[in-house]
Amino acid sequence: MSATPDPIPPTEISMAEIVFPNHTNHLGTLFGGQALAWMDKAAFLAAARYSRRTVVTARSDQVDFKLPIRIGQMVETIGRIVEVGRSSMKVEVELIAEDLHSGERKLCTRGHFVMIALDADGHPIAVPPLPDAIPGP
């Protein structure tokens, strides 16, 4: 079986985590640093998958912590490419907390990350332009 590249590069990824006590502060809510780590990982995966290159984080922009995320909640981290430059990709990342018993979901955190694609020598390299119309699910 041979791999065929996607005609339109994928622009979105989704990851899921469960919040355990070691992820939380003394109030039983998710550490901000843990939230940022999950968000940066999602930005990395979205950008690497889209560009099919090695990528690094260049910047994180305005991360808004809207609601706390508590022990026992599932966290869905969604990263989507929203803008593409020559070698840079702006990735919007959202953390959505879900109560596994009730199914209630809430957007808790949102931020933007700028990722840079690198060649084999570690220099910035061009990435495909963002498609005009990104197909939905």
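In this label model, PHE20 and ASP99 are separated by 2.4 nm, measuring between points 7 Å along each Cα→Cβ vector. Under 5 Å between amide hydrogens, built in the peptide plane, is the criterion, and for GLN73 it picks out VAL19 among residues at least 5 positions away or on other chains. Share of carbon and sulfur in the accessible area of the stretch 67-115 stands at 47%, probe radius 1.4 Å. For an R0 of 35 angstrom, estimate the FRET efficiency from the Cβ-Cβ distance between ALA120 and GLU76 and round to the nearest 0.05. Using R0 = 35 Å, I get an efficiency of 0.55. For the stretch 61-67, the Karplus equation 6.51 cos²θ - 1.76 cosθ + 1.60, evaluated at θ = phi - 60°, returns couplings of 10, 4, 9, 9, 8, 8, 9 Hz by residue, with Gly and Pro reported as x. Taking θ as phi - 60° and the Karplus parameters 6.51, -1.76 and 1.60, the scalar couplings of the stretch 43-59 work out to 4, 4, 5, 4, 5, 5, 5, 5, 8, 6, 9, 5, 10, 10, 7, 9, 6 Hz in sequence order, x denoting glycine and proline. Pairs of Cα atoms nearer than 8 Å and 6+ residues apart set the relative contact order; for the chain it is 27 percent.
Quick one: length gained pulling GLU83 to VAL63 fully straight, 0.36 nm per residue minus the C-alpha distance?
Numbers: separation 20, 0.36 × 20 = 7.20 nm, distance 1.71 nm.
That works out to 5.5 nm of additional length.
Comparing LEU27, LEU107, LEU45, which has the greatest mean-square fluctuation in the GNM of the chain with Cα pairs linked when under 10 Å apart? Maximum fluctuation in the GNM of the chain, among the listed residues, is at LEU27. Panel values: the stretch 42-137, Kirkwood radius from alpha carbon pairs, Stokes-Einstein at 20 °C and 1.002 mPa s, translational diffusion coefficient 148 µm²/s.
When only DSSP loop residues count, what trypsin sites (Lys or Arg not before Pro) in the stretch 64-117 have their Cβ near at most 12 other Cβ atoms within 10 Å?
Working: sites: LYS66, ARG70, ARG80, ARG86, LYS90, ARG105, LYS106, ARG110; in loops: LYS66, ARG86.
Here the trypsin sites (Lys or Arg not before Pro) that fit, given the DSSP loop and packing criteria, are LYS66, ARG86.
The phi-based Karplus calculation (6.51 cos²θ - 1.76 cosθ + 1.60; θ = phi - 60°) puts the 3J(HN,Hα) values of the stretch 13-21 at 9, 9, 10, 10, 9, 10, 8, 9, x Hz, whole numbers, x for Gly and Pro.
Basic side chains Lys and Arg get +1 at the Cβ, acidic Asp and Glu get -1 at the Cβ, and with that the dipole of the chain about its Cα centre reaches some 140 debye.
Taking amide H positions as modeled 1.01 Å from N, with prolines and chain starts lacking one, the residues under 5 Å from THR54 and 5 or more places away or on another chain are LEU118. Shape summary of the stretch 27-74, radius of gyration then Dmax from alpha carbon positions: 13.1, 40 Å.
Among ASP40, ASP61, ASP121, which one shows the highest mean-square fluctuation when the chain is modelled as a Gaussian network with alpha-carbon springs under 10 Å? Maximum among the listed residues: ASP121.
The values are calculated or read from the model by the stated rules, or taken from the named source; none is laboratory data. If you're wondering where the values come from, they're calculated on a predicted model, not measured in any experiment. All Cβ positions, even for glycine, are placed from backbone atoms using ideal geometry, and neighbour counts span all protein chains on display. Ligands, DNA and RNA are excluded from the accessible area calculation, which covers all protein heavy atoms including side chains. Shrake-Rupley method; radii C 1.70, N 1.55, O 1.52, S 1.80 Å.
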